[in-house]
1. Expressed in nm to one decimal, what extension gain is obtained for the pair Glu26 and Thr86 from 0.36 nm per residue of sequence separation less their Cα-Cα distance?
2. Using every Cα-Cα pair within the chain, state what percent have a distance larger than 16 Å.
Amino acid sequence: MEDEAGLSHASERDWITVADADAIGEQEVMCVTLGDLNLALYRVCADEWYCTDNLCTHGNAMLHEGWLEDCSIECPLHGGRFDVRTGEPLSEPAQEPLSTYPVRVILGQVQVWVARS
Ligand code: FES
């Protein structure tokens with residue numbers, strides 16, 4: 001049996017609480033560190049959240065330091081843009097997509113799904 005995100009309920013333990021929903025406003029980005037993962041958590045609007053790798057695929061820049069406009073994050077170093085919903089690059093010089101991670105909010109807690117090995 002799978003949930004809305006297509007994830008097996010057997011993977012429930014892979015949902016990790018990363019923030020209070022109140023800690024991040026609409027059109028804001030937050031840096032989240034989970035072990036070796038450095039992630040960018042985006043609140044596009046009240047009930048719309050996304051998560052991608054934080055490191056830009058073009059160079060050594062952290063996307064949480066960039067600018068979020070609707071569903072597009074602009075890298076602070078060279079201005080490449082990515083769609084935070086899919087991780088796909090939207091403009092040069094970004095060419096490689098970002099990895100994305102499912103997000104849900106349970107009782108005011110933002111959780112990110114990260115498969116544990
Ligand atoms: Fe992000 Fe170059 S480092 S666009």
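1. Working: separation 60, 0.36 × 60 = 21.60 nm, distance 1.86 nm.
Roughly 19.7 nm would be gained on extension.
2. Values: 3860 of 6786 pairs.
In whole percent, the share of Cα-Cα pairs in the chain beyond 16 Å is 57.
Here, each number is a calculation from the coordinates, and none is a lab measurement. In this text the structure is predicted, and so the values were computed from the model without any measurement.
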